[in-house]
1. Please find, within region 334-353, the residue that is nearest to the chain's Cα centre (by Cα) out of those that are of a type in the set (A, V, I, L, M) and assigned to a loop (DSSP other than H, G, I, E, B).
2. When you check ILE307 against the structure, is it open to solvent by less than 10 Å² (accessible area, probe 1.4 Å), assigned to a helix (DSSP H, G or I) and closer than 23 Å to LEU208 by Cα, yes or no?
3. Does ARG47 meet the test of being buried (at least 18 other Cβ atoms within 10 Å of the Cβ) and either closer than 23 Å to GLY194 by Cβ or out of contact with any Pro (no Cβ under 9 Å at 6 or more places or on another chain) (or both)?
4. Considering region 145-158 alone, what residues qualify as being part of a loop (DSSP other than H, G, I, E, B) and either closer than 15 Å to LEU60 by Cα or in contact (Cβ under 8 Å) with a residue 60 or more places away in the chain (or both)?
5. For the list (1) crowded, with 24+ Cβ neighbours inside 10 Å; (2) small (Gly, Ala, Ser); (3) at positive phi, I need the number of the one condition that ALA72 fails.
6. Please count how many residues of region 329-371 are open to solvent by 60 Å² or more (accessible area, probe 1.4 Å) and acidic (Asp, Glu).
7. Name, by its number, the condition in (1) touching a helix residue (DSSP H, G or I) at 6+ places or on another chain (Cβ under 9 Å); (2) open to solvent by less than 20 Å² (accessible area, probe 1.4 Å); (3) among the aliphatic types (A, V, I, L, M) that does not hold for MET200.
Amino acid sequence: MIDGSMQTYALTLDKFLSHAAKWHPGAEVVSAGAEGRVRRIGYAALRERALRVSGALAALGIAKGDRVATLAWNTQGHVEAWYGIMGMGAICHTLNPRLTPAQLGSMLAQSEASVLLASPDLLPLAQDAVRNLGTVRHILLLDTAEGEGAIEPLVAAAPADAVWGDFDETSPSGLCFTSGSTGAPKGVTYTHRGCFLHTMRQLQADVLGITARDAVMPVVPMFHANAWGIPFTAPAVGAKLVLPGRHSDGAHLARLIRAEGVTAAVGVPTVWLGLVEHLEAEGGEVPTLERILVGGSSMPPALMDRIERCLGVEVQTSWGMTELSPLGTAALPGDSARRPSLSGRPAMGIDLLLTDAEGRALPEQRGAEGHLRVRGGSVVERYFGQAQPATDAEGWFDTGDLARIDGAGNLVITGRAKDLIKSGGEWINPAEI
């Protein structure tokens, strides 16, 4: 007897843009520049340009497995670079422009990237970062056709016949260094399969649940944990993708939300506080905006109430880490019991475990405080350049967070394990003092 079988269909990230180009070719990617300028393009045209980016990089000697660095804002050029780099099997090493040249140089030295793609206004920072490095051979400027180093002439001259996805789905797709809040920054290597699964998880109705009817604005930067996956999630369903560029002040975001009909947005709480303060001072509304996914820091209840009241939106809390690609949990949309302290539940594909300080699972997983561990197909196994795994023998990754899980399965982050104080033989969480 011969068993039947299913086709091999590698879970590579280029398939999201290819899907959007074929089935949602006219859905727009809108990129806001300086002085109110807006650049817009459909997914079909964006895919062709990203293919030409692959061709331009190949002409510079980039091949599968090579790392290409980006130092850029949330723009069309950065999205094209992402897909051009990842689609050809190279690795996109995102850099945070808020770091010092020395910090960026250290990360570039570790990644051994030979090409750095930068936003034009970040060229001086890019030059300072590579000044003492012999590895970076080219600095190319995104989103411009003018000046020395502009990528546009190379893209225009390159063929659009690059072969995408011709590699194993477990191949590396990206590299992002952590903030170093618990020591020196560590490199997290994303894989195509991990980010593909993360995207499918994020699209669940109980998580972000966007559709082709949405216009989604990631205010969280693309250099911060994959902009929480939105540049993959939006084309996966053909949603309009609205990129705010460098600026995230309240006036800029208000104009963009109104002009582009943004329905869903993601970012840290301080961004939305800025939008609220602008509208309260200047007047006006953002009537199309329905939902905001927040994460990155805790939100006081008064701030959540203020945002929802002023903007007329639902605030959806979440928790994640760079090491999780990054989403770990999200509050259930429309849940009447939601509150700022609840980070929501994990979607299928990621699991949580509370342990004691020695890594032993707590006998009761609900209601007790413990050390939070996670595992799943989009969770780090080992850090970049490190031989030892970052997980325990059972595959659990120690997040460094302290947490509780309530009776409904909602995660509540209560502090950081490194902040614990030992007194009288007992460990005390400063957050509870």
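1. Of all residues in region 334-353, those of a type in the set (A, V, I, L, M) come to 337, 342, 347-348, 350, 352-353.
Applying the additional criterion that residues be assigned to a loop (DSSP other than H, G, I, E, B) yields 337, 342, 347-348.
Details: ALA337: 27, LEU342: 21, ALA347: 17, MET348: 19 Å.
Across region 334-353, the extreme among qualifying residues is ALA347.
2. Numbers: open to solvent by less than 10 Å² (accessible area, probe 1.4 Å): yes; assigned to a helix (DSSP H, G or I): yes; closer than 23 Å to LEU208 by Cα: yes.
So ILE307 passes the test.
3. Details: buried (at least 18 other Cβ atoms within 10 Å of the Cβ): yes; either closer than 23 Å to GLY194 by Cβ or out of contact with any Pro (no Cβ under 9 Å at 6 or more places or on another chain) (or both): yes.
For ARG47, the condition - buried (at least 18 other Cβ atoms within 10 Å of the Cβ) and either closer than 23 Å to GLY194 by Cβ or out of contact with any Pro (no Cβ under 9 Å at 6 or more places or on another chain) (or both) - is met.
4. Taking region 145-158 and keeping what is part of a loop (DSSP other than H, G, I, E, B), we get 145-149, 151, 158.
Hits for region 145-158 are GLY149, ILE151, ALA158.
5. All conditions pass for ALA72, except number (3).
6. So the answer is 4.
7. Result: MET200 fails condition (2) only.
The rows are residues; the columns are (1) of a type in the set (D, E, K, R); (2) open to solvent by 10 Å² or more (accessible area, probe 1.4 Å); (3) assigned to a loop (DSSP other than H, G, I, E, B); (4) under 25 Å from ASP168 (Cα atoms).
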residue	(1), (2), (3), (4)
VAL79	no, no, no, yes
ILE85	no, no, no, yes
CYS92	no, no, no, yes
GLN110	no, yes, no, yes
ASP121	yes, yes, no, no
PRO124	no, yes, no, no
ASP128	yes, yes, no, no
VAL136	no, yes, yes, no
LEU140	no, yes, no, no
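The values are calculated or read from the model by the stated rules, or taken from the named source; none is laboratory data. Owing to the predicted nature of the structure, the values given are computational and were not obtained by experimental measurement. Neighbour counts run over all protein chains shown; Cβ positions are idealised from the backbone, glycine included. Remember, those area values only see protein heavy atoms, side chains included, never the ligands or the DNA or RNA. Shrake-Rupley method; radii C 1.70, N 1.55, O 1.52, S 1.80 Å.
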